[in-house]
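Below: the structure, in structure tokens.
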Amino acid sequence: MTPEQKAGQVLMPFFAGTDAAAHAATIERLHLAGSIIMGDNVPVDARKQVDPAAMAATTARLAQAARADGRTWPGLIGVDQEGGMVARLGSPLTEWPAPMTYGAAGNTALTKDAGRAMASELAPLGFNVDFAPDTDVTIGPADPTIGARSMSGYPDAAGALGVAFSQGMQESGVLPAVKHFPGHGSVTVDSHQDLPVQPASIADLEARDWKPFRAAIGAGVPMVMTGHIAVPALEPGVPASLSAPTYAALRGMGFNGVAVTDALNMAAVQKRYPDGSAAVAALAAGADLLLMPTDVAQAHAAIVGAVAGGSLPAARLDEAAQRVATMMIWRGRTAAPPGSAPGAGADISARVSAAAVTVLSGPCSGPLVPGSVRVAGGSPQDRARFEAAAARAGLAVGEGPVVSLIGYGGAPAGGDIAVSLDAPWPLQDSAAPVKVALYGRSPGAFDALAAVLAGKATAPGKLPAAVGSFPAGTGCP
């Protein structure tokens, strides 16, 4: 490969809008590895739902562009599809609850089924990479970024569940990427806004944040994403994604796969590394795949120029390009199952929520409400879904106890029953005597809630992280 081809092979850009043809031309011109699909790239139909045929056509055009210079391996076509608040592809694809659901359910087999089912709907649309699962260990309400994206506040559980989800994804032909090394669940600043600092010692990181990554590496995960987090114990003031000691620590765990950066257009990096310098710095530090540089042409030119000028060793670019190519050659040789139709995972999604619903305070058996309830809070869609689920469970809506729904980032609630639909932290200060954590707002999640309220099902979930005075593990016996 020429230096220009190698530089392209380590870049995975984004684009604006739904003009795949223009983006394909950029991929061909710069020999790029492929592309990530963000929310504004998803074609929709007249009902504002994902158009599966048009989505597949878009990814096929981009994949074709990635092979235009004669390379024999597939291009990387990626997406962020975790479930919960991070899901670029909506209906008619299955809607999944937040990843914390898996920690509350505590069932690795069910988690693997979910990973397999999610990826089985992505693969027929042309995706071969999903930047999931999130294996960060959350510390609770002080964690402003990850929250319910974390599977658990227990390091061992986060590792086991992350491995199970990753293995399920790979069985459906989609490459997972565990994230965000060296751990984003225990810092108190959002790296989308600024650079968080992780003050923990290496010993503390080993005991908590690094455990899930060690488990994933031991299981052979193909990709690890590095986060934009400064760790003074490794290299003060430098985002881990651009820090050589961070990549040395990752490789020291036995990881031989592709190290991919978090999006390089995030504020934690963009404020400090202008004009393509982030791409060169990350590559020089040890990254193999550079995700979403602010200006991909500028980043490409900076890499080529740095190699030509001697400030970036040619061998480092060779190593990175070879790792990416090797992963995709392996993926191209691995037969994938035929895939599933959009929405095929709805039953598994509902089963996950039914296994996770958690009662923090209130009765553990029998109906929690009489035959009728009122609903407050949440979004209009949340309330409509609750009412539909209540009707399916035989509950009327209009009078009786107040069920207060707390959405993403919502405030503590009053009423008679407070229900968190994302991270359960607001329940700690909610005045309602009955507190329920649901970890999702999909139709299946609301069905699980309604069944518990009506006394037709128990709440088997356990808190995967502490919520105020409610310790991790709280739930019905």
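The values are calculated or read from the model by the stated rules, or taken from the named source; none is laboratory data. All values derive from a computational prediction rather than experimental measurement. Positions of Cβ are backbone-derived with ideal geometry, glycine not excepted, and every protein chain shown enters the neighbour counts.
Observations
- SER379 vs. criteria more than 14 Å from VAL436 (Cβ to Cβ), among the small types (Gly, Ala, Ser) and in contact with a helix residue (DSSP H, G or I) (Cβ under 7 Å, 6 or more places away or on another chain): no
Listed here are the residues, each with its yes/no results for (1) over 16 Å from TRP96 (Cβ atoms); (2) surrounded by fewer than 21 Cβ atoms within 10 Å (Cβ to Cβ); (3) of a type in the set (Phe, Trp, Tyr); (4) at pLDDT 95 or above.
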position	(1), (2), (3), (4)
GLY400	yes, yes, no, yes
ILE406	yes, no, no, yes
ALA432	yes, no, no, yes
TYR439	no, no, yes, yes
PHE446	no, no, yes, yes
ALA450	yes, no, no, yes
THR458	yes, yes, no, yes
LYS462	yes, yes, no, yes
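- Number of the exception - LEU427 against (1) surrounded by fewer than 17 Cβ atoms within 10 Å (Cβ to Cβ); (2) of a type outside the set (Lys, Arg); (3) part of a helix (DSSP H, G or I): (1)
- Unmet requirement for GLN298, which otherwise passes all of (1) assigned to a helix (DSSP H, G or I); (2) at pLDDT 95 or above; (3) out of contact with any Asp or Glu (no Cβ under 7 Å at 6 or more places or on another chain): (3)
Conditions tested, residue by residue: (1) in contact (Cβ under 8 Å) with a residue 24 or more places away in the chain; (2) of a type in the set (A, V, I, L, M, F, W, C); (3) in contact with a Lys or Arg (Cβ under 9 Å, 6 or more places away or on another chain).
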{"site": "ALA20", "(1), (2), (3)": "yes, yes, yes"}
{"site": "ARG29", "(1), (2), (3)": "no, no, no"}
{"site": "LEU32", "(1), (2), (3)": "yes, yes, no"}
{"site": "VAL44", "(1), (2), (3)": "no, yes, no"}
{"site": "GLN49", "(1), (2), (3)": "yes, no, no"}
{"site": "ALA60", "(1), (2), (3)": "yes, yes, no"}
{"site": "TRP73", "(1), (2), (3)": "yes, yes, yes"}
{"site": "GLU82", "(1), (2), (3)": "yes, no, yes"}
{"site": "SER91", "(1), (2), (3)": "yes, no, yes"}
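- Single condition GLY414 does not satisfy, out of (1) modelled with pLDDT under 95; (2) over 24 Å from the mean Cα position of the chain (by Cα): (1)
- Any hit, the stretch 23-36, residues being of a type in the set (A, V, I, L, M, F, W, C), part of a loop (DSSP other than H, G, I, E, B) and surrounded by fewer than 19 Cβ atoms within 10 Å (Cβ to Cβ): no
- A search for C-beta distances below 9 Å between a residue of the stretch 327-348 that is touching a residue at least 24 places away in the same chain (Cβ under 8 Å) and any residue that is hydroxyl-bearing (Ser, Thr, Tyr) and surrounded by fewer than 16 Cβ atoms within 10 Å (Cβ to Cβ), counting only pairs 6+ apart in sequence or on different chains, returns ILE329/THR72; GLY332/THR72; PRO342/SER91; GLY343/SER91.
- Number of positions in the stretch 346-377 that are closer than 30 Å to ARG116 by Cβ and not in a helix (DSSP H, G or I): 3
- Close pairs from the stretch 144-160: first closer than 17 Å to HIS192 by Cα, partner surrounded by fewer than 24 Cβ atoms within 10 Å (Cβ to Cβ) and modelled with pLDDT under 95, Cβ under 6 Å, at least 6 apart: PRO144/ASP190; THR145/ASP190
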